[in-house]
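Taken together, the values in this text are just the output of simple stated rules run on the coordinates, not laboratory data. Small disclaimer: the values here were computed from a predicted structure and weren't measured. Cβ placement follows ideal geometry from the backbone for every residue including glycine, while neighbour counts extend to all protein chains displayed.
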Amino acid sequence: MVCCRENFGKAFSRLDRLLTDYESLWTESAFVKESLSWLQNQSALGDALLRIGESELEELQDERLLLNFLSPYVPGLGELVHWETENRIVQSWQTPEKALFGLPGRKRRQTEGFVSAVLSLSPPSEPGSRWVDWCSGRGYLARQLYFAAGAEVHCFEIDGELCRSGSEAHCRISRELGEKVVFHQQDVLSDLPSEILQDGVLHTALHACGDLHISMLRKAAAAQAPYIACSPCCYHLISAEAYQPLSQFGQISHLRPTRQALRLATAETCTANTLERELRHRELLWRTAFDLRLRECNGRDRYTPTPSVKKSLLKTSFRQFAEAVLNKLNRRGDDLSFFPLSPTEESQLLQKAEAKMWRVRRMEKAQLGFRRALEYWLLLDRALFLEEQGYAVSLQQFCKKSDSGRNTVILGRLRS
Ligand SMILES: C[S@@+](CC[C@H](N)C(=O)[O-])C[C@H]1O[C@@H](n2cnc3c(N)ncnc32)[C@H](O)[C@@H]1O
């Protein structure tokens, strides 16, 4: 269905049609809604989901198997299975021993792939060339870029502590690295030093969230930066209520996914280990139980969005978790009550929540099946935007999914 050898505009339009035709399937959450509107027309899909056994449910964590499972009910989804394997970057860069200092394993593999992608663009790196790394964190990527190509790298990072510790680490590795990778404590959503913006030959962003990478794409393209390499992440972290497409193709689409709907694009859990998955299950179970109890105590028949709480609470008890969530909701001004539960009542509540979860975990597979379509739609919107700004663009997979779910880099080279 979507292939990056195919024209981006065509691929975007096909995905747009798929997402528009089946909008209720990917925007309605079985966790939130008791009755999903799409079940009226897709009862065969609903029945098939409810027939899924426990071991098949586990298997369907594999996105490709899920797409195959859903494709008889949603023509077009199955073709997305093949897209990813076609565009893997050939890894040409390996971290030298001296650059390993403090670099976590997964970040090493991500940055090696990302640097290999950058090198495939052959951006100029002779003395005097400035490269700019947006939202650099401690500068792990910037360090690799410097060792790989020797260009001066300027890092924009809002967090002063990350700038300081990154700079310290670089000075410990070598004086030259400390001098050539320069940190600027800088909010990339505000005005940026124009000389760095204008002189930057290459602009990079690895895993910059929503508005941050959008700002990078817009500002680097406005400055007509010769090379751009951007790997987007957390598409839902935007200030607007709903997504505002960047490209002209996106702007004529009728789709305007809300922040909540955009979460789907990054919803997979394949990099999670067993403990993380267990905690995730517990969190969903406790949130479900909390919601069921709120309905009983407050006579409301609708889902109450619950705020996030510290992950360490998931290792305590349901009672402590519920108290923390309730306090947060009430501080927000909700004024909700949650009468204490006896041990028997708590166990009955958790059983009820478990039964709801049984259904939710099956029905939500329909929604999760559109994750890849939505992510490609968002990636293609960015790729098309860069094309419209005069760039030759490609999309590449720069690392394995097990190293990062967000493993696509958008590479742009300004056409002369
Ligand atoms: C997910 S991390 C990615 C860090 C790094 N690129 C990497 O891959 O290791 C996002 C980074 O963006 C930084 N950040 C958040 N908001 C920012 C802003 N408004 N301006 C600049 N940096 C920001 C965060 O402090 C964080 O270091």
*Output the relative contact order of the stretch 165-287, whole-number percent, from Cα pairs under 8 angstrom with separation of 6+ residues.*
17 percent
*Work out Dmax and Rg for the stretch 132-213 from the C-alpha atoms and quote the Rg first, both in angstrom.*
11.8, 35
_Farthest positive-ward along the chain dipole, Cα basis, beta-carbon charges - from Gln144, Leu313, Gln248_ = Leu313
*Can you give the convex hull volume of the alpha carbon atoms of the stretch 188-237 per residue, in Å³?*
58 Å³
*If we count other beta carbons within 10 Å of each Cβ, what is the order of Cys234, Cys399, fewest first?*
Cys234, Cys399
*asked:* With only alpha-carbon atoms in the gyration tensor, what are the semi-axes of the equivalent ellipsoid for the stretch 108-156, in Å, largest first?
replied: 16, 14, 8
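How high is the relative contact order of the stretch 173-245, in percent, counting Cα pairs under 8 Å that sit 6 or more residues apart?
32 percent
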*Just from the alpha-carbon atoms, what are the Rg and Dmax of the chain in angstroms?*
23.3, 72
*Please report, for the Cα atoms of the stretch 208-266, the Rg to one decimal and the Dmax as a whole number; what are they, in angstrom?*
12.1, 35
*Taking springs between alpha-carbon atoms closer than 10 angstrom, which of Ser174, Ser312, Ser35 fluctuates most in the Gaussian network model of the chain?*
Ser312
*Give the order of Asp334, Asp191, Asp199 when sorted by the count of other beta carbons within 10 angstrom, beginning with the fewest.*
Asp191, Asp334, Asp199
*Based on the alpha-carbon gyration tensor of the stretch 70-194, what equivalent-ellipsoid semi-axes (square roots of 5 times the eigenvalues) come out, in whole Å, largest first?*
32, 18, 15
*Stokes-Einstein D for the stretch 365-416 at 4 °C, 1.567 mPa s, Kirkwood Rh over Cα pairs, in µm²/s?*
106 µm²/s
*Can you put Asp291, Asp133 in order, fewest other beta carbons within 10 Å first?*
Asp291, Asp133
*For the stretch 158-316, compute Rh as the Kirkwood radius over C-alpha pairs and then the Stokes-Einstein diffusion coefficient at 25 °C and 0.890 mPa s; write the answer in µm²/s, rounded to an integer.*
124 µm²/s
*Principal semi-axes in Å for the stretch 21-90 [√(5λ), Cα gyration tensor, largest first]*: 25, 15, 12
_Please report the projected area of the stretch 343-384's Cα convex hull averaged over all directions, in nm²._
3.9 nm²
*Positive end of the charge dipole of the chain (Lys, Arg +1 and Asp, Glu -1 on Cβ, about the Cα centre): tell me which of Leu378, Trp26, Ser215 has its Cα farthest that way.*
Trp26
_For a distance above 22 Å, tell me the whole-number percent of Cα pairs in the stretch 260-416 that qualify._
56 percent
*Let me have the relative contact order for the chain, percent, based on Cα pairs under 8 Å that are six or more residues apart.*
22 percent
*Could you tell me the distance between the Cα centroids of the stretch 261-327 and the stretch 62-103, to the nearest Å?*
29 Å
*Distance in nm between pseudo-label sites at Lys315 and Val32 (7 Å out along the Cβ direction from Cα)*: 3.1 nm
*Take the chain, connect every pair of alpha-carbon atoms lying under 10 Å apart with a spring to form a Gaussian network, then pick out the residue of Ser136, Ser190, Ser24 with the largest mean-square fluctuation.*
Ser190
*asked:* Taking every alpha carbon pair in the stretch 231-318, what does the distance histogram look like in 10 angstrom bins from 0, in percent?
replied: 13, 31, 32, 19, 5, 0
_Greater than 28 Å apart at Cα, pairs in Lys107/Lys356; Lys352/Lys400; Lys219/Lys328; Lys315/Lys400; Lys315/Lys356_ = Lys107/Lys356; Lys352/Lys400; Lys219/Lys328; Lys315/Lys400
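Once the Cβ-Cβ distance between Glu58 and Ala324 is put in as r, and R0 is 35 Å, what FRET efficiency do you end up with, to the nearest 0.05?
So, using R0 = 35 Å, E works out to roughly 0.70.
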*asked:* With angles folded into 0 to 90 degrees, how steeply does helix 343-368 sit against the dominant principal axis of the chain? Use alpha carbons for both and round to 10.
replied: 50 degrees
*Just report the Cα centroid separation between the stretch 235-257 and the stretch 164-205, whole Å.*
30 Å
_Can you tally the net charge around Thr111? Count Lys and Arg as +1, Asp and Glu as -1, for every other residue whose Cβ sits under 12 Å from the Cβ of Thr111._
+3
